[in-house]
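The values are calculated or read from the model by the stated rules, or taken from the named source; none is laboratory data. As the structure is a prediction and not an experimental result, all values here were calculated from the model. Ideal geometry is used to build each Cβ from the backbone, glycine not excepted, and the neighbour counts take in all protein chains shown.
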């Protein structure tokens with residue numbers, strides 16, 4: 001048996017083969033889990049479909065978290081097929097370019113609200129829907145970044161957004177703990193994903209991370225996926241409310 005044999009994992013946020021969520025889906029599939037994946041719309045589906053095929057996803061469903069009813073439909077499909085959910089991977093973040101590239105001081109109310117809704121409140125909504133399906137306990141994972149702990153140049157408003165996400169992780173861990181549902185955040189180092197490429201001067205951020213990390217190497221989506229699979233396994237049953245850094249030790253440097 002492998003670590004996740006018999007478990008059902010819903011992975012939200014795969015954009016393409018380079019996504020962190022794709023690395024999580026692959027690692028969890030390799031560990032024996034049945035995978036359910038989502039795509040945001042018909043335009044995105046051709047980029048997500050190859051990942052779904054590679055991991056042998058049992059279901060591939062549309063999910064735009066800004067569209068009412070779509071998230072409920074995804075969880076209903078999981079319930080109809082398995083009657084339960086063991087693992088939820090939430091890997092969604094968004095901020096419009098004008099607010100992402102501007103100062104926090106100048107962030108618009110609308111841009112801030114949208115970034116918080118998509119990046120943070122969607123986790124709360126997903127956890128609420130997952131709770132009744134995790135009747136035997138389960139694991140909820142989300143993705144954060146060091147910019148939620150310290151000010152990272154050019155990360156701008158996403159720093160406060162990720163800080164809020166990490167606070168939500170702690171609250172969910174406490175509230176869902178009695179049901180044996182664990183909630184953790186993974187904090188990968190900089191990765192060349194579609195989301196990362198939207199950050200100004202991202203190449204410089206990548207180079208600095210490689211030079212300053214104790215291991216002097218960049219992490220990969222596979223690295224992140226393997227840690228996610230570990231946290232989803234029964235061996236990590238006492239780990240909850242944590243921000244787990246997967247960055248080659250970069251976060252320990254001053």
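Write out, first by first residue and then by second, each pair whose Cβ atoms fall under 8 Å of each other, whose residues are 6+ apart or on separate chains, and whose first residue, in segment 143-156, is free of Cβ contacts under 8 Å to residues at least 40 places away in the same chain while the second is assigned to a loop (DSSP other than H, G, I, E, B) and crowded, with 16+ Cβ neighbours inside 10 Å.
Cβ pairs passing all conditions: 147/155.
Among the residues of segment 52-73, which ones are in contact with a strand residue (DSSP E or B) (Cβ under 7 Å, 6 or more places away or on another chain) and closer than 19 Å to residue 20 by Cβ?
Within segment 52-73, 52, 55, 57, 60, 63 qualify.
Return the only residue of 30, 5, 41 being at pLDDT 95 or above, more than 15 Å from the chain's Cα centre (by Cα) and within 17 Å of residue 141 (Cβ to Cβ).
The unique qualifying residue is 30.
Just give me the residues in segment 221-245 being free of Cβ contacts under 8 Å to residues at least 60 places away in the same chain and under 13 Å from the mean Cα position of the chain (by Cα), in sequence order.
227
Across segment 77-99, which residue is surrounded by the fewest Cβ atoms within 10 Å (Cβ to Cβ) among those that are within 24 Å of residue 47 (Cα to Cα) and more than 17 Å from the chain's Cα centre (by Cα)?
Per the criteria, the residue is 97.
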